[in-house]
Amino acid sequence: MSNFNRLVERAIVRALIQECDHAGFVPHYVDDGGENVPCSTEHAAMDAIFAVDDARLFFRSKDDASRKPVTHGVYLVGGNGEDIISDWHCGNASFNAAVDRVAMNVNDLIRVTLAPFEPCAVTAPDGATCTRPAGHPHAPKAFHPENHESKNYKRW
């Protein structure tokens, strides 16, 4: 696999973890096919995911103190490049929406940046700020907050 595909996969997984965090879910453990590797940070989760060919990343709600069985999971298959997110399951609409935003907008993510997230500097006349990364195709005069808050909202 080329270095570019590795960078793409890492960027996608990083975006997935950050988007789920934004939606209220944090990494809990990685099932690497042999054992469950506990991880509570982006760095630990990525280390465990990229140490194997395929893995399942499980999340827990930030405000779930009861430690109920974790059912928020994403199946990641390394070597698939931009299709690293293979499947996900959860009965939680917020979690599903967060994974959908990443999985369905991979091309935007790749086109915009493979660098660490830098927020867009564009603000609306009412002071609302854009939450997409810097460098996306977006003219300041075309900023409409309602487009950023709709069901079809793209974070990238």
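Residues that are assigned to a helix (DSSP H, G or I) and either within 16 Å of G79 (Cβ to Cβ) or not assigned by TED's automatic domain parsing to the domain that holds N107 (or both) within region 10-45 comprise R10, A11, I12, V13, listed in sequence order. Going residue by residue through region 32-40, is there one that turns out to be acidic (D, E) and within 17 Å of N105 (Cα to Cα)? So far as region 32-40 goes, no, none of its residues is acidic (D, E) and within 17 Å of N105 (Cα to Cα).
Answer yes or no: is there a residue in region 133-151 that is modelled with pLDDT of 70 or more, not in a helix (DSSP H, G or I) and not aromatic (F, W, Y). Checked against the condition, which is being modelled with pLDDT of 70 or more, not in a helix (DSSP H, G or I) and not aromatic (F, W, Y), region 133-151 yields no hits at all. Within this structure, I12 passes the test of being under 18 Å from A98 (Cα atoms) and either under 14 Å from the mean Cα position of the chain (by Cα) or of a type in the set (V, I, T) (or both). Would you check if M1 is of a type outside the set (G, A, S), in contact with a helix residue (DSSP H, G or I) (Cβ under 9 Å, 6 or more places away or on another chain) and at pLDDT 85 or above? Spelling it out, it is not the case that M1 is of a type outside the set (G, A, S), in contact with a helix residue (DSSP H, G or I) (Cβ under 9 Å, 6 or more places away or on another chain) and at pLDDT 85 or above.
Regarding C90, is this residue touching a strand residue (DSSP E or B) at 6+ places or on another chain (Cβ under 9 Å) and surrounded by 19 or more Cβ atoms within 10 Å (Cβ to Cβ)? No; evaluated as a whole, the condition is false for this residue.
Only one of the listed residues (V37, V74, V106) is of a type outside the set (S, T, N, Q), buried (at least 17 other Cβ atoms within 10 Å of the Cβ), in contact with a strand residue (DSSP E or B) (Cβ under 9 Å, 6 or more places away or on another chain) and at pLDDT below 90. That residue is V106.
The values are calculated or read from the model by the stated rules, or taken from the named source; none is laboratory data. All values derive from a computational prediction rather than experimental measurement. Heads up, the Cβs are rebuilt from the backbone with ideal geometry, glycines too, and the neighbour counts pull from every protein chain shown.
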